[in-house]
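Inspection log for the structure reproduced underneath, given as structure tokens.
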């Protein structure tokens, strides 16, 4: 069993515990204060955005490097055997889109000029 304490020792222990409790309550009050909660939420959101942006940058950089590797040789010269077919496909797609959009815009007529009725 523990030794008997004097009233002065008990009072000192109570005072010490009160001080510890006051410090703990102050820390809790700071943590739950609305400004602190908002600041923590902003910091977490900013961190998440930074992390996501970093991942996106890495993914785009990797994709660009892979794409560049498809069209540029290791010595830096363009790979014409891959560039020409892609360029032809792009020109054909643009031409097809232009033809389709001009037919839709004119309603099937030969020209897209509309005459006003008076």
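The values are calculated or read from the model by the stated rules, or taken from the named source; none is laboratory data. Predicted model, so just to flag it, every value in this text is computed and none were measured. We place every Cβ from the backbone using ideal geometry, glycine too, and count neighbours over all the protein chains shown.
Here is a list: 68, 16, 5. Which entry is surrounded by 10 or more Cβ atoms within 10 Å (Cβ to Cβ), in a helix (DSSP H, G or I) and out of contact with any strand residue (DSSP E or B) (no Cβ under 7 Å at 6 or more places or on another chain)? Full working, then the answer.
Numbers: 68 fails: surrounded by 10 or more Cβ atoms within 10 Å (Cβ to Cβ); 5 fails: in a helix (DSSP H, G or I).
Of 68, 16, 5, the one residue that is surrounded by 10 or more Cβ atoms within 10 Å (Cβ to Cβ), in a helix (DSSP H, G or I) and out of contact with any strand residue (DSSP E or B) (no Cβ under 7 Å at 6 or more places or on another chain) is 16.
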### Message
Go through (1) modelled with pLDDT under 95; (2) out of contact with any helix residue (DSSP H, G or I) (no Cβ under 8 Å at 6 or more places or on another chain); (3) assigned to a helix (DSSP H, G or I) for residue 75 and report which single condition fails.
### Response
(3)
